[in-house]
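Since every read-out is calculated from the coordinates, none of them should be taken as a lab result. Predicted, not measured: the structure shown is a model, and the values here were computed from it. Methodologically, a virtual Cβ is constructed for each residue, glycine included, from the backbone with ideal geometry; neighbour enumeration extends over all protein chains shown.
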Amino acid sequence: MTDVELSVIGDTRGEPSGYDSAIAAVPDGCYLMIDGQRALKVNVLGRALRELSDASAANVGERLHHANWTLTTDPETVRRLGLMHDCAACRAGVDQALARLREVPDGEIAVGQLWWAP
């Protein structure tokens, strides 16, 4: 699978004041089958990533500036994008995502790099 990148735009006035990462498994409801091929429902996924981005910002007392999300099945991409900080929470999220990729080889992981509004 080729990685897919999506952006979520928040309050982009001014430069970002901080950042973090978020990782989630892409739910089966974000896909449909067309002629035997799995197709991404971008409207469904976009709504889910918007909600996750806003909730992630709110959980740390911030507002979203913007988020760049990458859908991938590649463990190296998960590691590279998921470790914006070398903190215990980021390492745990990456470890969980890598375990999910091993358990569900054709499942995709959404790795978000989120920036906070000033």
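Of (1) 13.2, 36; (2) 14.3, 46; (3) 17.6, 54, which is the value of Rg and Dmax of the Cα atoms in Å derived from the coordinates here?
Recomputing Rg and Dmax of the Cα atoms in Å here gives the entry labelled (2).
For residue 63, enumerate residues with amide H under 5 Å from its amide H, sequence gap 5+ or separate chain, H modeled in the peptide plane.
117
Let me check I've understood the local charge: for residue 74, count other residues with C-beta under 15 angstrom from its C-beta, Lys and Arg +1, Asp and Glu -1. What total comes out?
That sum, taken over residues with Cβ under 15 Å, equals -1.
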